[in-house]
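First comes the structure, then the notes that go with it.
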Amino acid sequence: MQRHVSKVELVTASVIALFLVVVFPGLHAAGAVSDFTIKLWGKYLCYGLLAISVDLLWGYTGLLSLGQALFFSLGGYMLGMNLMLMIGEDGQYFKSGNNPSLLPDFMVILGRTELPSFWKPFYNFPFAVAMVVLVPGLLAFLFGFLGFRSRIKGVYFSILTQALTYVAAVFFQNALIMGSNNGFTDFKRILGCDIRASATQRGLYIATALALVLVYAFCRWLTTTKFGLVQRAVRDSETRALFSGYAAANYKLFVFVVASIIGSIGGALYLPQAGILNPTEMMPEKSLEAVVWCAVGGRGTLIGPIIGAIGTNALKSWATRAFPDLWLIILGGLFILIVLFLPKGIFGLLGQARDFFAKRKPEAASATAEPAKP
Amino acid sequence: MTLSRSLKFLALAGAITSTIFTAQAADDTVKVGVLHSLSGTMAISETSLRDVLLFTFDEINAKGGVMGKKIQPVVVDGASNWPLFAEKATQLLEQDKVAVTFGCWTSVSRKSVLPVFEKDKGLLFYPVQYEGEELSPNIFYTAEAVNQQATPAVDYYLAAGKKKFYLLGSDYVYPQTTNLVLLEYLLSKGVPLENIGGGFKKDESGKIISAGKYTPFGHTDYQQIVSEIKQFTAGGKACVISTLNGDTNVPFFKEYAAAGLTAETCPVVSFSISEDEFRGLPAKQLVGQLGCWTYFQSIKSDANKKFIADFQKWLKSSTVPGIVKEGRVTCSPMVLSYNGVYLWKAAVEKAKSFDVEKVVAELEKGISFDGPGGKVTSQKNHHLTKNVFIGETKADGQFKIVKEYKDVFGEPFLKGTFKPKTAAK
């Protein structure tokens, strides 16, 4: 693993970032890219954020979290509460005169006449955004604090995170006050802009792309610092790191909180672009999907999981239309092939190719040795 | 390469070539979207609707198509994934530019695609019983509204002399809403509050916001609830109204039979079990219990006999990959899908255009179609007037029809329309 960012990488990353943040939305504004495509790519990039959050934990710290979709959904729910309140006079019950106090429609169906008090602050957009960071961050802190202090690790950590997200999914499914299993949908505006307008969708896409680039840069920086070195030391041998005088639990806790907030930001950006959020998004299989993206793209590389998330979802979008009966076989087959022949994922192909050429020049081979598997 | 692998590759190659051929769209076709889950938890129910839609398209195409144009189905898989439903709907409308879409089963999938259909001015036909409280200008609900399933069932019970009603459901929006409507309906019929079982939840002001007993998805332990029902039936003349979903019906009815409760002592009417569900549920424990739909396979009419025979014949010769050919039945959501296609066809031919606005205008004026379940007529409020049937479950998973309500008007907004009968209190 390189500690310093090379010039080649810096230039490549900048070019890709520039394309995602400026050129692609520019093409959309000019009409060369359709509304459908920009919305789709906005969603893929949100999945990219989720994948980074898994990679930071799994690839760099050796914590296989099977509950990242929980934080992704929580972020969505926090912003969603604001968007539900912003529907206001466009709701069907207001139009028919049955909703003078402008509640979200699902509350009217259940006979409520007053907004529950914990909903009220969400009228304020900055408050909702603050909650996107705070609520999942706090949950991750509490869960991590208790878990890591009790030295829960390995598969036990994975099982607990999976249990956590399952419990949350069941809770939200039964929480009628949060929309129950229908969740939040039919948003009308965000920050006063019509959410269906093509300019708003472009704005949301740009915000997503920018968030992804910034988060990537932050994570790339973090993993090259001394902190990153300790992080990997914990991954490779926690006992050794402990005996060298590093409080492994604190490092893990910090990474877990940061990763959860990254996931949550992804979810908050996902909500207005996907147009719906409900408790099925928290089910364990959604978190497992994100782990698969990481494995497919190449974990412990940051860029690999992004490629995995975008690639897998783009393939899914295409195959569910082109082969509605066979797409699962196609996707599953591909995953098996990748695991069999590309253990380091798609991005690992680069490394494999480099190793292959390095073998031809024996003296250069030692310089590119990869770290041991976690 | 092993045999199974090479078979898989062959299947893939076949699928690729077939799509390449079908992709050559000609001017004499019209694209129609089919948006159902073909994988995931809902696939077991929704695949049947995909099958019946493809059958209907073939039937129409064999007779010359719609206004001389052959229907070219665009089938996509929503994969029981609600955001994916929205994405697929956008794709159908913005990329494939389909004239109409038939699809969705769960309310959440419909709510997921609703904003898309409104934004892109598409047209969706929705075929499955639902809780109402919705009316989109871009959706036509061929489904049963609450007053075409739940309230007729209550009427039937009242006529049979039942005095006590126990409400039981899975904990989500459809049962909750349906039961709130039923509560108002029962009160309006003079049934006192203490004769309605399952419990109530009230908000801070004392207003009832939830009526009935609810269990989560996948719940298996019904011992306590059944013993509660048994106590409830003590005075006789009691019945259960169940909106339990899918798998949870198996442990419930097992426990129900074990507790000695029968269709004679305390009948259960279920709104989520049709013939198609009995392909996966044992019918034995449900014998004598009631179902209420706007179609049963056991309807004895020539139109229904022909529909069933033609569908079975089509299944035998179908080449859709993975289609189930054995033990197939027909049920209400399937027939409502079938009716939807014919109503759309008739509206297009009347409007002489595939334009959504013109087609909807024709549908709103009222179009009738003689389907397998009898005559259905489209209404101005985007629902259908149709016949409602009550049936008793038989051991083979079919229903014996015991009551028919003719031409029931579909009404989506029922909450607050039934006023309690104060005199009876």
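Every number here is computed from the coordinates shown, using simple stated rules; none is lab data. Since the model is a prediction, treat every value here as computed from it, not as a measurement. Here Cβ is always computed from backbone atoms with ideal geometry, including for glycine, and neighbour counts include all displayed protein chains.
Some notes on this structure:
- Calculated from backbone phi, Karplus (6.51, -1.76, 1.60) coupling profile of segment A:199-207 in Hz, x at Gly/Pro: 5, 5, 4, 5, x, 5, 4, 4, 4
- The label-point distance for B:Lys306 and B:Ser227, in a model that sets each label 7 Å from Cα toward Cβ, rounds to 5.7 nm.
- A:Asn250 paired with B:Phe217, simple spin-label distance in nm, labels 7 Å along Cα-to-beta-carbon: 4.3 nm
- Estimated at 0.36 nm per residue, the fully extended path between A:Val167 and A:Val22 surpasses their Cα-Cα distance by 48.1 nm.
- Full-extension gain in nm, B:Phe409 to B:Leu158, via 0.36 nm per residue minus C-alpha separation: 88.3 nm
- Cα gyration tensor category, rounded, prolate or oblate, for segment B:145-241 with a/c compared to 1.5: rounded
- Three-way shape label, the protein assembly as shown, alpha-carbon gyration tensor, a/c 1.5: prolate
- Whether segment A:94-242 is rounded, prolate or oblate, judged on the alpha carbon gyration tensor where a/c under 1.5 counts as rounded: oblate
- A:Asn124 versus A:Arg240: modelled label distance in nm, points set 7 Å from Cα along the beta carbon direction: 5.0 nm
- Efficiency of FRET from Cβ geometry, A:Phe356 and A:Glu285, R₀ 51 Å, rounded to 0.05: 0.90
- Beta bridges per DSSP with both ends in the protein assembly as shown, % antiparallel, nearest 5: 45 percent
- B:Ser205-A:Arg151 FRET efficiency (beta carbon distance; Förster radius 56 Å; 0.05 resolution): 0.70
- Cβ-derived FRET efficiency at R0 22 Å, A:Ala322 paired with B:Lys97, nearest 0.05: 0.85
- Size descriptors for segment A:7-283 (Cα atoms only): Rg and Dmax, in that order, 20.4, 69 Å.
- Kirkwood radius and radius of gyration were both taken over the C-alpha atoms of segment A:34-182, and their ratio Rg/Rh is 1.04.
- Distant alpha-carbon pairs in chain B (separation over 33 angstrom), percent: 35 percent
- Nonlocal amide H pairs with B:Asn387, under 5 Å, H built at 1.01 Å: B:Asp407, B:Val408
- Computed over chain B, the per-residue total of -39500 (n - 2.57) for DSSP H runs of n ≥ 4 gives a 222 nm mean residue ellipticity of -11500 deg cm²/dmol, rounded to 500.
- Restraint check, A:Lys39/B:Lys207; A:Lys188/B:Lys352; B:Lys213/B:Lys325; B:Lys70/B:Lys386; B:Lys111/B:Lys365; B:Lys162/B:Lys306, Cα-Cα greater than 32 Å: A:Lys39/B:Lys207; A:Lys188/B:Lys352; B:Lys213/B:Lys325; B:Lys162/B:Lys306
- Computed on chain B, with alpha-carbon pairs under 8 angstrom and 6+ residues apart, the relative contact order is 17 percent.
- Tilt relative to chain A, helix A:345-360 - C-alpha long axis, 0 to 90 degrees, to 10: 10 degrees
- Between amide H atoms placed 1.01 Å from N, distances below 5 Å from B:Gly33 occur with B:Val74, B:Ala99, B:Val100, B:Thr101, B:Phe102, all of them 5 or more places distant or on a separate chain.
- On Cα atoms only, tilt of A:303-322 relative to the major axis of chain A in degrees: 60 degrees
- Stretching the chain fully between A:Leu342 and A:Phe218 yields a gain of 41.9 nm (0.36 nm per residue, less the alpha carbon separation).
- Karplus 3J(HN,Hα) series, Hz, for segment A:56-68 with 6.51 cos²θ - 1.76 cosθ + 1.60 (x for Gly, Pro): 4, 7, 7, x, 9, 10, x, 9, 7, 8, 9, x, 5
- For segment B:204-211, backbone phi angles converted through the Karplus equation (6.51, -1.76, 1.60; θ = phi - 60°) give residue-by-residue couplings of 4, 7, x, 7, 6, 10, 7, 10 Hz, Gly and Pro being listed as x.
- Taking the helices alone, chain A has a mean residue ellipticity at 222 nm of -22500 deg cm²/dmol, built from -39,500 (n - 2.57) per DSSP H run of at least 4 residues and averaged over all its residues.
- Amide proton proximity set for B:Glu133, modelled H, under 5 Å, gap of 5+: B:Phe413, B:Leu414
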